[in-house]
Amino acid sequence: MKKKNWLIAFLMILGICSCSSDKEPMMLPPEFSDVASLDVTRVSATVTGLVRTIGDGVVKTCGVAYSTMPDLSHKVMVEAEQISDISVTLEGLSPGTTYYYVLYASSGFSTAYSEPVCSFRTLEYFVPTVGECKVKVLSTQSVMLSCSILDDGGMETVKVGFAYRMADNPGSWQEVEAKLNGNSFELELSDLAARGNYVFYAFAVNASGKGQSIEVSQILNPSSIVDIGDMTEGGILE
């Protein structure tokens with residue numbers, strides 16, 4: 001009988017110890033600082049910050065929690081690779097969208113979050129940004145046009161080219177498609193009106209629309225002609 005009582009007492013003590021080991025230890029929550037978002041693009045952003053434990057505090061995991069909702073409902077948790085110095089790149093984001101985020105740190109029993117809630121907005125898609133339309137006069141009836149795309153707007157460029165008209169005829173624009181080579185494109189226009197006064201611009205098109213350069217004027221007179229040798233040395237008339 002005594003052995004049975006001792007066995008029951010031992011099992012009760014063991015149960016109490018095992019239950020107490022599941023209780024959260026008394027510790028201070030961590031401190032967060034230098035929370036910031038960097039390198040924001042149309043589909044990604046990097047969130048950084050510092051986590052510092054206080055006293056006997058323990059941090060087992062930490063990272064970034066983010067959401068498109070200001071109250072962080074439906075948040076996504078992304079764990080950092082190292083504790084204390086956090087740097088997490090968020091990927092697969094939507095363009096032109098505001099995201100709200102905080103840092104988090106977990107002791108294994110509870111999770112603390114940084115305050116206040118921070119935010120960033122991803123870049124939007126837009127029409128291509130094209131550079132200067134450059135004009136090289138080849139003869140009294142022909143020119144070489146060239147231009148570069150400075151920013152594709154985040155989408156594939158589906159068409160590039162040049163538009164031209166006589167200076168005294170504003171409604172007579174004609175567009176000619178060119179071939180894109182990397183970020184640059186050029187085109188020779190011939191059979192123009194001899195010694196004519198022309199206006200030109202370059203354009204590029206993506207799914208968001210058409211972007212174009214500033215219009216430039218050029219009179220095709222003999223004094224403006226650049227021979228082939230000058231062209232290879234960068235002889236450009238604007």
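Screening region 56-162 for strands (runs of 3 or more DSSP E) wholly inside it with 2 or more residues that are more than 30 Å from Ser190 (Cα to Cα) and of a type outside the set (S, T, N, Q) returns the ranges 61-67, 76-79, 85-91, 98-106, 111-113, 118-121. Can you confirm whether Leu187 is modelled with pLDDT of 95 or more, buried (at least 17 other Cβ atoms within 10 Å of the Cβ) and not assigned by TED's automatic domain parsing to the domain that holds Ser37? Yes; evaluated as a whole, the condition is true for this residue. For beta carbons closer than 8 Å, sequence separation of 6+ or different chains, a first residue in region 144-155 that is surrounded by 17 or more Cβ atoms within 10 Å (Cβ to Cβ) and a second that is of a type in the set (Asp, Glu), the qualifying pairs are Met144/Glu186; Met144/Glu188; Leu145/Glu186; Leu145/Glu188; Ser146/Glu186; Cys147/Glu132; Cys147/Glu186; Gly154/Glu124.
Which one is farthest from Glu132 (Cα to Cα), of the residues in region 163-173 that are of a type in the set (A, V, I, L, M, F, W, C) and either assigned to a strand (DSSP E or B) or not assigned by TED's automatic domain parsing to the domain that holds Lys210 (or both)?
Going residue by residue through region 163-173, those that are of a type in the set (A, V, I, L, M, F, W, C) are 163, 166-167, 173.
Now restrict to residues that are either assigned to a strand (DSSP E or B) or not assigned by TED's automatic domain parsing to the domain that holds Lys210 (or both): 163, 166.
Details: Ala163: 13, Met166: 19 Å.
My answer is Met166.
Here's the yes/no breakdown for (1) crowded, with 18+ Cβ neighbours inside 10 Å; (2) within 30 Å of Ala65 (Cα to Cα):
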site	(1), (2)
Leu90	yes, yes
Pro95	no, yes
Ala105	yes, yes
Val137	yes, no
Phe162	yes, no
Asp168	no, no
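Can you find even one residue in region 81-93 that is free of Cβ contacts under 8 Å to residues at least 40 places away in the same chain, in contact with a Phe, Trp or Tyr (Cβ under 9 Å, 6 or more places away or on another chain) and within 30 Å of Val205 (Cβ to Cβ)? Among the residues of region 81-93, not one is free of Cβ contacts under 8 Å to residues at least 40 places away in the same chain, in contact with a Phe, Trp or Tyr (Cβ under 9 Å, 6 or more places away or on another chain) and within 30 Å of Val205 (Cβ to Cβ), which makes the answer no.
The values are calculated or read from the model by the stated rules, or taken from the named source; none is laboratory data. Since we're looking at a predicted model, the values are computed, not measured. Positions of Cβ are generated from backbone atoms using ideal geometry, with glycine treated the same way; all protein chains shown enter the neighbour counts.
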